[in-house]
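Q: Sending over a structure as structure tokens; questions will come in a sec.
What follows draws every value from the coordinates through simple rules; no lab data is involved. Nothing here was measured: the structure is a model prediction, and the numbers come from that model. Don't worry about glycine lacking a Cβ; one is built from the backbone with ideal geometry, like all the others, and counts go over all protein chains shown.
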Amino acid sequence: MKLLLINSTDKNAFTAIVHGSEQAVVYASEFKEPESIPGKTPDKLIHCLDKLTSESDIKDIDAIAVTVGPGSFTGIRVGLALAKGIAFGLDKKIIPVNNFELTLGRLNEIQPDNTYCVLLEAKLPEYYYAVYENEKIIKKGSETLEILAKTLGNDTIVVGDFDDETQLKHCYFSVLNVKLRVSEFDAMSKIAQKEFISDNLTDAKDVQPLYLKDFNFRKP
Amino acid sequence: MSTITFAIESSCDETSAAVLRNGAVISNIVSSQYFHKEYGGIVPELASRAHIQVIDEIVTRAFKDAGIDKDEVSLMAASQGPGLIGSLLVGYNYAKGFALSRDIPFMGIDHIESHLFSCFIGQEEINFPFIALVVSGGHTILFLVESYLSYKILGNTHDDAAGEAFDKVAKMLGLEYPGGPLIDKLASTGNPQFHKFPKSIIKGSPYDFSFSGIKTSVLYFLKNNYPVDKTNLPLNDIAASFQSAVTGSLIDKTIRAAKDHNIKTIAVSGGVSANSGLRNGFLKYEKEGYSIYFPEKIYSTDNAAMIGYNAYLKFKASVGNAAINNVNPLLSSAYARFKYQQ
């Protein structure tokens with residue numbers, strides 16, 4: 001089983017090859033931003049892929065795992081478009097990876113009895129959120145912290161990759177910051193391998209971004 | 001050996017894929033996003049969403065129509081800009097992914113430049129130099145084209161593109177979006193002498209265009225003459241008068257550029273080149289010894305065939321050119337704005 005991973009999230013964009021013990025990861029942050037390219041991480045994914053293919057062959061991969069959101073609209077599409085192009089070129093299928101699952105996967109262990117709420121930064125002050133009970137999503141959407149604080153139960157554990165937790169503490173949540181736990185690469189490669197073994201593969205044409213937030217545009 | 005080029009275009013509201021053998025188009029699939037009509041114009045985020053939704057299907061169909069296997073592709077090309085950045089990124093990255101996985105050369109191709117060569121799609125050679133007018137909903141530019149790799153801009157629009165003026169005036173007249181083709185249809189039975197709308201003249205830049213004035217002039221004409229009741233507008237006559245003013249300005253300046261540079265070949269491309277008033281106006285000059293080229297109507301609006309054709313011409317012309325071959329085009333970025341220097 002040899003898998004290509006493409007992760008287009010804003011914070012930890014990377015591409016990687018996972019093949020048993022042979023693992024190669026190239027993070028977007030390893031690139032000094034060329035002046036000509038404005039600071040959009042996802043657009044640099046091709047740099048990661050280019051470097052990756054110079055180290056490791058991708059011709060013989062078995063499938064491509066790619067993050068499908070929720071997250072930055074354009075970012076998701078860039079990662080997905082790359083994955084689709086490669087999938088077509090090599091006649092391979094895609095493993096879509098949901099960003100909530102990915103974040104939850106960065107916890108060392110999950111207690112099935114607990115209620116978790118995974119938060120991903122949307123356009124602040126809003127967050128994308130998904131409430132997990134018994135390891136299943138029972139509710140998801142996009143809300144401000146104020147509203148979430150009112151609607152979530154007191155025993156809910158908030159999970160996310162936070163640079164600054166102070167704002168959350170203010171809302172009396174118990175917070176699990178995954179920043180210093182399992183790396184996004186480890187979590188993603190674990191999910192991808194699990195899905196591959198369970199044969200959860202999707203045709204490229206059926207993989208679409210997970211937007212969650214409707215695009216609000218009032219018709220005239 | 002023949003070159004099989006696979007091209008993708010996604011710079012605005014058309015998702016398109018094409019396969020070419022050398023300079024000849026074998027398949028060209030275009031999917032247009034009609035839903036923008038409801039909004040009266042293109043909504044960028046919705047356009048990007050639609051691109052990623054259909055791109056797999058469009059590509060698959062292009063190969064099926066061509067009867068070509070993807071193993072045979074030897075050159076990958078994609079529209080690099082200018083255009084809506086979110087839309088561009090979808091097609092551009094899909095193409096990069098494909099090129100990377102097949103290990104074939106990739107070329108980021110300028111959209112406007114592809115329009116100006118679109119008149120010659122299918123030809124292996126083009127006779128240089130020629131004057132090119134690229135006129136669409138986003139651009140109105142006059143070029144002097146000297147070779148496949150060198151051209152210079154003679155004139156540009158100072159404000160609106162000609163196609164934009166068409167769409168906006170159509171809106172004032174209560175027509176649907178996109179209004180350009182509707183104005184053309186109405187104008188065919190109208191009187192172009194009905195009202196004299198102004199043609200713009202820009203001091204010191206004889207080849208530059210401006211279309212915001214005529215737009216305002218139509219607005220005031222409607223306000224002054226039909227302040228309340230808009231049900232009985234003489235649509236045909238207004239459309240004819242407006243169209244004749246716009247096309248007149250385009251034709252006059254292009255012919256002037258051709259005369260000044262002593263060039264007898266003129267290529268008119270872009271969405272507005274499908275306008276019959278513009279076509280007929282230009283064709284009148286054939287009597288004076290000018291050769292006028294238009295793209296086939298299917299190649300006048302955005303399409304991947306022109307991207308592939310331009311890539312093929314450049315690829316052929318740049319073989320052995322170290323300066324071009326030493327950069328890694330895969331790492332290039334798409335661009336939203338027009339990047340040329342005058």
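Q: If you count, for every residue in B:69-75, the Cβ atoms of partner chains within 10 Å of its Cβ, what is the mean?
A: Details: counts 0, 4, 1, 0, 1, 0, 0.
Rounded to a whole number, the mean comes out at 1.
Q: For the stretch B:1-98, what is the convex hull volume of its Cα atoms per residue in Å³?
A: On the way: hull volume 9.0 nm³, N = 98.
Hull volume over Cα atoms, normalised by residue count, gives 92 Å³.
Q: Ok, one more. Shape call for the stretch B:19-152 from the C-alpha gyration tensor, a ≥ b ≥ c root eigenvalues: rounded (a/c under 1.5), prolate (a/b greater than b/c) or oblate?
A: Since a/c reaches 1.5 but b/c is at least a/b, the shape of the stretch B:19-152 is classed as oblate.
Q: Starting from the Cα coordinates of the stretch B:203-273, work out the convex hull volume and express it per residue in Å³. List each step's numbers first, then the result.
A: On the way: hull volume 7.9 nm³, N = 71.
Value for the stretch B:203-273: 111 Å³ per residue.
Q: Follow-up. Run the dipole for the stretch B:115-243 about the Cα centre, Lys and Arg Cβ at +1, Asp and Glu Cβ at -1, nothing else charged, and hand back the magnitude in debye, nearest 20.
A: 540 debye
Q: Angle, helix A:73-90 long axis vs. longest principal axis of chain A, Cα atoms, 0 to 90°, nearest 10?
A: 30 degrees
Q: Taking amide H positions as placed in the peptide plane 1.01 Å from N, state which residues far from A:T115 in sequence (5 or more) or on other chains have amide H under 5 Å from it.
A: A:I157
Q: In square nanometres and to one decimal, what's the mean projected area of the convex hull around the Cα atoms of chain A? Mind showing how you got there, number by number?
A: Working: hull surface 57.2 nm².
Here the figure is 14.3 nm², rounded to one decimal.
Q: Pull out the extension gain between B:D69 and B:S32, defined as 0.36 nm times the separation in residues minus the alpha carbon to alpha carbon distance; nm, one decimal. Write out the running numbers ahead of the final one.
A: Details: separation 37, 0.36 × 37 = 13.32 nm, distance 2.53 nm.
Additional length available on full extension: 10.8 nm.
Q: Beyond a 19 Å Cα-Cα separation, which of these cross-linked pairs lie in this structure: B:K168/B:K223; B:K199/B:K264; B:K259/B:K297; A:K44/A:K194; B:K264/B:K284? Mind dumping the intermediate values first?
A: Details: B:K168/B:K223 15 Å; B:K199/B:K264 25 Å; B:K259/B:K297 27 Å; A:K44/A:K194 28 Å; B:K264/B:K284 14 Å.
Check vs 19 Å cut-off fails for B:K199/B:K264; B:K259/B:K297; A:K44/A:K194.
Q: Still on this structure, please answer the following. If I stretch the segment between A:E165 and A:K213 completely, what's the gain in nm (0.36 nm per residue apart, minus their alpha carbon distance), one decimal?
A: Additional length available on full extension: 14.9 nm.
Q: What FRET efficiency do you get for B:N224 and A:S54 if R0 is 60 Å and r is their Cβ-Cβ distance, rounded to the nearest 0.05?
A: 0.35
Q: Can you tell me the dipole magnitude for the stretch A:96-135 around its Cα centre, using point charges on the Cβ only (Lys, Arg +1; Asp, Glu -1), in Debye to the nearest 20?
A: 200 debye
Q: Something else: For A:L107, A:L148, what ranking results if the residue with the fewest other Cβ atoms within 10 Å of its Cβ goes first?
A: Numbers: A:L107 17, A:L148 21.
In order of increasing Cβ crowding within 10 Å: A:L107, A:L148.
Q: Please report how far the C-alpha centroid of the stretch B:119-135 lies from that of the stretch A:109-182, rounded to the nearest whole angstrom.
A: Computed from Cα coordinates, the inter-centre distance equals 59 Å.
Q: Could you put B:H36, A:H170, B:H51, B:H261 in order, starting from the residue whose Cβ has the fewest other Cβ atoms within 10 Å?
A: A:H170, B:H261, B:H36, B:H51
Q: Listed highest first by mean packing, meaning other Cβ atoms within 10 Å per residue, what order do B:99-111, A:118-130 come in?
A: My ranking of the peptides, most packed first, is B:99-111, A:118-130.
Q: With +1 on each Lys and Arg Cβ and -1 on each Asp and Glu Cβ, how big is the dipole of the stretch B:1-87 about its Cα centre, in debye rounded to the nearest 20? Don't jump to the answer; show the numbers that get you there.
A: Numbers: 6 positive and 11 negative charges, 19 e Å.
In debye, rounded to 20, the stretch B:1-87 gives about 100.
Q: Taking the Cα atoms only, what angle lies between the long axis of helix A:184-197 and the longest principal axis of chain A, rounded to 10 degrees?
A: Orientation of helix A:184-197: about 70 degrees from the principal axis.
Q: Taking the number of other C-beta atoms within 10 Å as the exposure measure, put B:R279, A:R77 in order starting with the fewest.
A: Values: B:R279 17, A:R77 28.
Listed from fewest to most nearby Cβ atoms, that is B:R279, A:R77.
Q: Can you work out the base-10 log of I(q)/I(0) for the protein assembly as shown at q = 0.05 1/Å, using the Debye formula on its C-alpha atoms alone?
A: Cα-only, vacuum Debye calculation for the protein assembly as shown: -0.26.
Q: I would also like to ask the following. Viscosity 1.306 mPa s, temperature 10 °C: Stokes-Einstein D of the stretch B:233-303 from its Kirkwood Cα radius, in µm² per second? Walk me through the numbers before you get to the answer.
A: Working: Rh = 13.0 Å.
Reported coefficient: 122 µm²/s.
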